[in-house]
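Visitor: Sharing a structure, written as structure tokens. Questions coming.
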Amino acid sequence: MFEWKLALEAIGMVIYATFMGFIFMGIERKAMARIQRRVGPPIYQPIIDTLKLLGKKESVSHGFIYDFGPVFALGASIAALLFIPLANFQLFSSNADLIVVAYLLEVPMLGIMLGAMSSGNPYSAVGVQRGLLTMVAMQLPYGLALIAIAQYWGTFKLNSIVALQQLHGWSITVPALLLAFIVFDIVFQAMLGLEPFDIITAPAEISMGPMVEYGGKHAALLFTQHAVQLFAETAFFAVLFLGGASNLLELLIKQIAVLFIAIFIASIYPRFTIDQAAKFFWKWPTILGIIAVILAGW
Amino acid sequence: MNELMIMLFAPLIAGFIAWALDIRGIREIVGVIGAAVPLGILVKYYPTITSKGTEGIVQTINVGGFHLVFQLNTLTWYFAVIASLVGVAMAFGMASTSKNSYEWLFALMSYTGVLGVFLSGDFVGFFLFWEIMTFASFMMVLRRNKHESLKYFVLSIIGAYAMLIAIGLLYAKTGTLDFNTIRQALYMDAMIGSISRGEMALIFGLFVTAFGVKAGAVPLHVWAPGAYSEVDQSYTTFFSGALSKAGAYGFLLLYILMGVKLVSALGVWHNHMLFAYIIAWIGAITVVVAGFLAVLQEDIRKLFAYSSVSQVGYILLGLGVGTPLGIIGALFHVLSHAVFKGLFWLVVAALILRTGKTKFEDFGGLAEKMPVTFSMALIAVLSLAGIPPMAGFASKWLLYEAAINAHMPLVAGAIFLGSGLAFAYVVRFLYAVWFGQRPSDLEDVKEAPLPILIGMAVLAIPNIVFGIAPGLVTKYLNGLFSEPVVTGDYFKLVTTNGTYNALLVTILLVFGLAVAGIVFIYGAKTRKVPVTDTYQSGNPVTEDYNLSMRRHFYRPLAEALEFWLRYSWDRFYERLAGLAEDFADTLREGIYNGNVQSYAWYLAIILLILALWGVL
């Protein structure tokens, strides 16, 4: 039996998430500009950019994997999105749990890396190296924050986590999970690729790292992927720590709140070097994370 | 004829025939047939093993006054079938890479050894086949590198003695060598308590040493990187894919034979069985330490050797969690590690066969030259990095759930860190070998030969099949326990508080890819440009400079870890060996000084001692 309602919901959600993701990117640029006392581009600027890139007459390619990378990244982002319970839309969330979604959210990275590597550009290679090292560095505190959540609520199912939070209060009202929240928020900067962990793209050093070689429709795909990923990650954050949401508007407010925290942190701090980032992640966030998991399992 | 015996000795006999005939062509065919026979027989037994209410198949033979018991039950069938699957792949790989009948003989001999270890129902056979396995694999290493083989030999000897003493102690306490009887005796003893806590701890420690050596657990892993790299890489498929699992099987045997007694003797620590908790931490440390070392390697073989050590750490970790879910996760990881790491080693074998190089800095841009091998490598990468829906993800997912459900948060944290590291080192392998500018001496590299590609396919298919339908494996493994642990259907795994639907993940991934693909296809047309035509801030790129970053890819990590990298188990053991050698030298020079008078004195002293003792 084919569930038409679910399929329509899924397609609608992908369109909505892509659109909102672009708006989030616009908000990010605008807010950053206002903090730095610039005017900044209009909020819909990323959409215009992407449409322009899609309209290019010709794009260069370095072979099959180069084309496959961005396609795979976008595909994986969409798959990850559909497993997150978004407000009153459960989508496919009853069929996957915390660990699966956490993994799916990392898969797009592999796609981007594959494409970047196959281009043969040394800047891309440096970007790949930095991206993976950031991932290695953030993995431990990130994992600990997720473990704290799973231990405290005693379930891996995302919709149960939301339901439990609606019964017993948001995760951040629990002391152990408040610590986990702090850890997750630090890691979140790295997940979004924002300062102080924008080591991967580092526009001033390695000219956008993995993205350097991309143009035309490839770049448009990567922009879209970034939009979907941004939406999925902020929603994931809201689901885990901010009690999920009962309608899309509530979810949107929570997502934007999460986004603004990230933007504020990003506009204050300069960039870490990669070994500094690794040392930082393995010090305070890890210690906080360990305290959080121990408290959560008490 | 006795089918179990045919299965056990078919590889060995085939090995001897291949060695004796030594005719190119026939050698390979005999070897492959010999490797395939056990797999065929095991598949034939599948309905018998899975039917309800059977105790499995037990057969006994008499050798030199010993009753050797061989049994095929749910657990041993599982291990044996994995070993024979990897064995078949190895035989296909060796048909391409091995030019030598010596290697066929010992490779197939170790195959028999591994099967014997898994099937043995008593400690006599277990130890015997354990030693055959060790000896054959040692001979394989000896052929290429004496120093590394010596390292392997010394550590194996330590392990073997430890096991022998432990078996002796058990025999002294229970008076039997048969697994079932030992199990019952120790079960009874858990109530009575005639074996003291200290003795039990000693037996446990000795067994952990013995099995830890074979599994390559930190700090006993030092032999593994050298031994895994210094053999024919097709054989490493088996060496790391199946032979190291004998160690994991040994750890599982500890649970089966003496789990109850160990719990009652060693007690419980914070709601965890102490002995299991120790194994879990050995596993967690192995995962992390070997993972970091794998990331920093500059040699393709060393990278995967450390990676094997790290992945076997996952298995120990899962066993150490100790819950049924943990054991199922660990056993699933035995399968997925065997198939993806075996695949990796075959890819490495093909690369070395075609290029003759092993260092990352010499590779590059081979994806266009060896497309089939590359796609196999990609499957292995996706599986090892734990990308859903691959077999590697399903098993890792079970391990996560098990560790977190058992309230071992820090151990679960080690899995997270380990998989981050795994991601990092496989991508490094992808980049350095397959992408970037191609060195000019690799221009005429050809695709790998057919036999090794068949071997790769044998291992690649399970990666995908058991990834999309992980229920096939968990359903079988549920048979080990009285109640099903992982429910769900073939495509969906359900634990008490988590769920993973592999088929749905696949479908949604395909859906996402379709959406992205449509955008891509209906977008502008593409123009293919060479790898040198890249954005370089105005610098022209020529073939004269290879701009691909292959050496010291993860140098920043090495800088961040500077403090820890100053300590090394390898150097510690080397220094220990050096000290022992110096000590022996001093003894030799002091005592065997070539002076006849001092020899006469030794004789006199000894006679005196014997006289005082009352011997003379």
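The values are calculated or read from the model by the stated rules, or taken from the named source; none is laboratory data. Keep in mind that what you see is a predicted model, and the values were worked out from it rather than measured. Methodologically, a virtual Cβ is constructed for each residue, glycine included, from the backbone with ideal geometry; neighbour enumeration extends over all protein chains shown. In case anyone asks, the SASA skips ligands and DNA or RNA and just uses the protein heavy atoms, side chains included. Shrake-Rupley method; radii C 1.70, N 1.55, O 1.52, S 1.80 Å.
Visitor: How about the range B:1-25: which of its residues are among the β-branched types (V, I, T) and assigned to a helix (DSSP H, G or I)?
Guide: B:I6, B:I13, B:I17
Visitor: For residues in the range B:146-172 being among the β-branched types (V, I, T) and open to solvent by 40 Å² or more (accessible area, probe 1.4 Å), which is farthest from the chain's Cα centre (by Cα)?
Guide: Going through the range B:146-172, the residues among the β-branched types (V, I, T) turn out to be B:154, B:157-158, B:165, B:167.
From what's left, open to solvent by 40 Å² or more (accessible area, probe 1.4 Å): B:154, B:157-158, B:165.
Numbers: B:V154: 19, B:I157: 19, B:I158: 19, B:I165: 25 Å.
Here the answer is B:I165.
Visitor: Among the residues of the range B:422-459, which ones are of a type outside the set (G, A, S), within 14 Å of chain A (Cβ to nearest Cβ) and not in a helix (DSSP H, G or I)?
Guide: The answer is B:F435, B:Q437, B:R438, B:P439.
Visitor: Right, another one. Identify, by number, the condition in (1) farther than 23 Å from A:S119 by Cα; (2) assigned to a helix (DSSP H, G or I); (3) within 22 Å of the chain's Cα centre (by Cα) that B:L353 doesn't meet.
Guide: (3)
Visitor: Follow-up question, since we're still on this one. Which one is nearest to A:T173 (Cα to Cα), of the residues in the range A:262-277 that are part of a helix (DSSP H, G or I), within 9 Å of another protein chain (Cβ to nearest Cβ) and more than 19 Å from the chain's Cα centre (by Cα)?
Guide: A:Q276
Visitor: I'd like to know if the range B:28-40 contains one or more residues that are assigned to a helix (DSSP H, G or I), open to solvent by 30 Å² or more (accessible area, probe 1.4 Å) and not hydrophobic (A, V, I, L, M, F, W, C).
Guide: Yes: one or more hits.
Visitor: Another question, if that's okay. Quickly run through the range B:487-505 and pick out the residues that are surrounded by fewer than 19 Cβ atoms within 10 Å (Cβ to Cβ) and more than 8 Å from chain A (Cβ to nearest Cβ).
Guide: Within the range B:487-505, B:T487, B:G488, B:D489, B:Y490, B:V494, B:T496, B:L503 meet the criteria.
Visitor: Now for a separate question. Looking only at the range A:182-216, which residues are open to solvent by less than 20 Å² (accessible area, probe 1.4 Å), touching a Ser or Thr at 6+ places or on another chain (Cβ under 6 Å) and either of a type in the set (V, I, T) or at pLDDT 85 or above (or both)?
Guide: Within the range A:182-216, A:A190, A:I199 qualify.
Visitor: Considering only the range B:364-393, state which residues are out of contact with any Ser or Thr (no Cβ under 7 Å at 6 or more places or on another chain) and not aliphatic (A, V, I, L, M).
Guide: Residues satisfying the conditions are B:G365, B:E368, B:K369, B:P371, B:T373, B:F374, B:S375, B:P388, B:F393.
Visitor: So which residues in the range B:293-327 are over 21 Å from B:T236 (Cα atoms) and in contact with a Phe, Trp or Tyr (Cβ under 8 Å, 6 or more places away or on another chain)? Spell out the reasoning first.
Guide: Pass one, the range B:293-327, residues over 21 Å from B:T236 (Cα atoms): B:317-327.
Matches in the range B:293-327: B:L319, B:G320, B:G322, B:P324, B:I327.
Visitor: Kindly evaluate B:G216 against the criterion of being among the small types (G, A, S), under 19 Å from the mean Cα position of the chain (by Cα) and open to solvent by less than 30 Å² (accessible area, probe 1.4 Å).
Guide: Spelling it out, B:G216 is indeed among the small types (G, A, S), under 19 Å from the mean Cα position of the chain (by Cα) and open to solvent by less than 30 Å² (accessible area, probe 1.4 Å).
Visitor: Does B:R143 satisfy the condition of being more than 27 Å from the chain's Cα centre (by Cα), farther than 23 Å from B:N73 by Cβ and either open to solvent by 50 Å² or more (accessible area, probe 1.4 Å) or free of Cβ contacts under 8 Å to residues at least 12 places away in the same chain (or both)?
Guide: no
Visitor: Further, regarding this structure: Kindly indicate whether any position in the range A:103-118 is on the phi > 0 side of the Ramachandran plot and facing chain B (nearest Cβ under 9 Å).
Guide: no
Visitor: Now for a separate question. Of the conditions (1) within 22 Å of B:F423 (Cα to Cα); (2) not in a loop (DSSP other than H, G, I, E, B), A:F197 clears all except one; give me its number.
Guide: Unmet condition: (2).
Visitor: For the range A:37-58, what are the residues that are more than 14 Å from chain B (Cβ to nearest Cβ) and open to solvent by less than 100 Å² (accessible area, probe 1.4 Å)? Give the derivation first.
Guide: The initial filter retains those residues of the range A:37-58 that are more than 14 Å from chain B (Cβ to nearest Cβ), namely A:37-49.
Passing the criteria: A:G40, A:P41, A:P42, A:I43, A:Q45, A:P46, A:I47, A:I48, A:D49.
Visitor: Here is a follow-up. For the range B:312-344, which residues satisfy the criterion of being small (G, A, S) and open to solvent by less than 10 Å² (accessible area, probe 1.4 Å)? Spell out the reasoning first.
Guide: Step one: filter the range B:312-344 for residues small (G, A, S), giving B:313, B:318, B:320, B:322, B:326, B:329-330, B:336, B:338, B:342.
B:G313, B:G318, B:G320, B:G326, B:G329, B:A330, B:S336, B:A338, B:G342, listed by residue number.
Visitor: Also: Mind checking which residues of the range B:288-305 are within 12 Å of chain A (Cβ to nearest Cβ) and closer than 16 Å to B:V213 by Cα?
Guide: The answer is none; no residue qualifies.
Visitor: Let me ask something else. Taking the range A:147-172 as the search range and keeping residues that are within 11 Å of chain B (Cβ to nearest Cβ) and part of a loop (DSSP other than H, G, I, E, B), which one is surrounded by the most Cβ atoms within 10 Å (Cβ to Cβ)? Steps first, please.
Guide: Narrowing the range A:147-172 to residues within 11 Å of chain B (Cβ to nearest Cβ): A:147-161.
Add one more test, that the residue is part of a loop (DSSP other than H, G, I, E, B), and what stays is A:154-156.
Numbers: A:G154: 14, A:T155: 19, A:F156: 28.
The residue in question is A:F156.
Visitor: If you don't mind, there's one more thing I want to ask. Would you please name the residue that is most open to solvent (accessible area, probe 1.4 Å), looking only at residues in the range B:516-527 that are modelled with pLDDT under 80 and touching a helix residue (DSSP H, G or I) at 6+ places or on another chain (Cβ under 9 Å)?
Guide: B:T526
Visitor: Just to verify a result, which residue in the range A:83-99, among those that are touching a Ser or Thr at 6+ places or on another chain (Cβ under 9 Å) and surrounded by fewer than 19 Cβ atoms within 10 Å (Cβ to Cβ), is nearest to B:K396 (Cα to Cα)? Outline the logic, then answer.
Guide: Initially, the range A:83-99 is screened for residues touching a Ser or Thr at 6+ places or on another chain (Cβ under 9 Å), giving A:83-88, A:94-98.
Subset that is surrounded by fewer than 19 Cβ atoms within 10 Å (Cβ to Cβ): A:88, A:94.
Values: A:N88: 31, A:S94: 20 Å.
It comes out as A:S94.
Visitor: Look at B:L346 and say whether it is away from chain A (no Cβ under 14 Å) and within 21 Å of the chain's Cα centre (by Cα). Reasoning before the result, please.
Guide: Details: away from chain A (no Cβ under 14 Å): yes; within 21 Å of the chain's Cα centre (by Cα): yes.
Answer is yes for this residue.
Visitor: For the structure I just gave you, tell me whether B:T209 is part of a helix (DSSP H, G or I), under 22 Å from the mean Cα position of the chain (by Cα), of a type in the set (S, T, N, Q) and surrounded by fewer than 23 Cβ atoms within 10 Å (Cβ to Cβ).
Guide: Taking the combined requirement at face value, the residue satisfies it.
Visitor: Right, another one. What's the number of the only condition in (1) away from chain A (no Cβ under 14 Å); (2) surrounded by fewer than 24 Cβ atoms within 10 Å (Cβ to Cβ); (3) touching a Phe, Trp or Tyr at 6+ places or on another chain (Cβ under 6 Å) that B:G471 fails to meet?
Guide: Among (1) away from chain A (no Cβ under 14 Å); (2) surrounded by fewer than 24 Cβ atoms within 10 Å (Cβ to Cβ); (3) touching a Phe, Trp or Tyr at 6+ places or on another chain (Cβ under 6 Å), B:G471 violates only (1).
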